[in-house]
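A quick write-up on the structure given underneath.
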Amino acid sequence: MAYQKYTELEVWKKARSFASHIYLLTATFPKEEIYGLTSQIRRCAISIPSNIAEGSGRQSSKETTHFLSIARGSLFELETQLYIASDIALITEVQLDNSLVEVESLGKLINGYKRYMDTITQKPKNLPTTIK
């Protein structure tokens with residue numbers, strides 16, 4: 001199976017851009033949050049493109065799908081942390097809304113890529129399972 005280089009994948013490019021956005025967004029967080037929410041949010045943001053890249057480097061589409069699932073989980077975790085950041089007034093409602101638009105867009109790209117990889121993973125139907 002020929003794999004596209006991960007740096008050419010739109011989903012990876014979007015995830016990388018979003019991670020940069022999150023770094024800029026959290027740069028204004030108070031210093032006392034550096035080892036708390038700031039660090040956690042940044043780790044999640046970095047995890048998304050990193051897992052897309054790692055999955056793309058795997059030997060099978062099943063392994064790639066596994067890492068895409070991890071990336072999606074990190075995206076959901078990040079979304080929750082953004083809500084919390086808004087709840088405690090670390091980001092504005094506008095910043096939250098703008099970030100959630102990006103979360104939704106990135107989630108759709110991850111899901112689409114995952115669905116594509118799932119179709120590669122599925123075995124053809126109606127073929128004999130044993131050779132006679």
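At a glance:
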read-out: Unique residue being under 24 Å from Asp118 (Cα atoms), touching a residue at least 40 places away in the same chain (Cβ under 8 Å) and out of contact with any strand residue (DSSP E or B) (no Cβ under 7 Å at 6 or more places or on another chain) when the list is Ser56, Ser47; value: Ser56
read-out: Some residue of the range 38-54 being modelled with pLDDT under 95 and more than 18 Å from Leu109 (Cα to Cα); value: no
read-out: Every pair of residues 6+ apart whose Cβ atoms lie under 9 Å, when the first sits in the range 21-38 and is touching a residue at least 12 places away in the same chain (Cβ under 8 Å) and farther than 11 Å from Gln81 by Cβ while the second is acidic (Asp, Glu) and surrounded by 10 or more Cβ atoms within 10 Å (Cβ to Cβ); value: His21/Glu102
read-out: Failed criterion for Leu68 (all others in (1) without any contact (Cβ under 8 Å) to a residue 40 or more places away in the chain; (2) touching a Gly at 6+ places or on another chain (Cβ under 7 Å); (3) surrounded by 18 or more Cβ atoms within 10 Å (Cβ to Cβ) hold); value: (1)
read-out: Residue within the range 81-88 that is over 21 Å from Glu10 (Cα atoms), exposed (fewer than 12 other Cβ atoms within 10 Å of the Cβ) and either touching an Asp or Glu at 6+ places or on another chain (Cβ under 6 Å) or at pLDDT 95 or above (or both) present; value: yes
read-out: Members of the range 55-71 that are closer than 17 Å to Glu10 by Cβ and at pLDDT 95 or above; value: Phe67, Leu68, Ala71
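The values are calculated or read from the model by the stated rules, or taken from the named source; none is laboratory data. It should be emphasised that the depicted structure is a prediction, and the values quoted were computed from it without experimental measurement. Ideal geometry is used to build each Cβ from the backbone, glycine not excepted, and the neighbour counts take in all protein chains shown.
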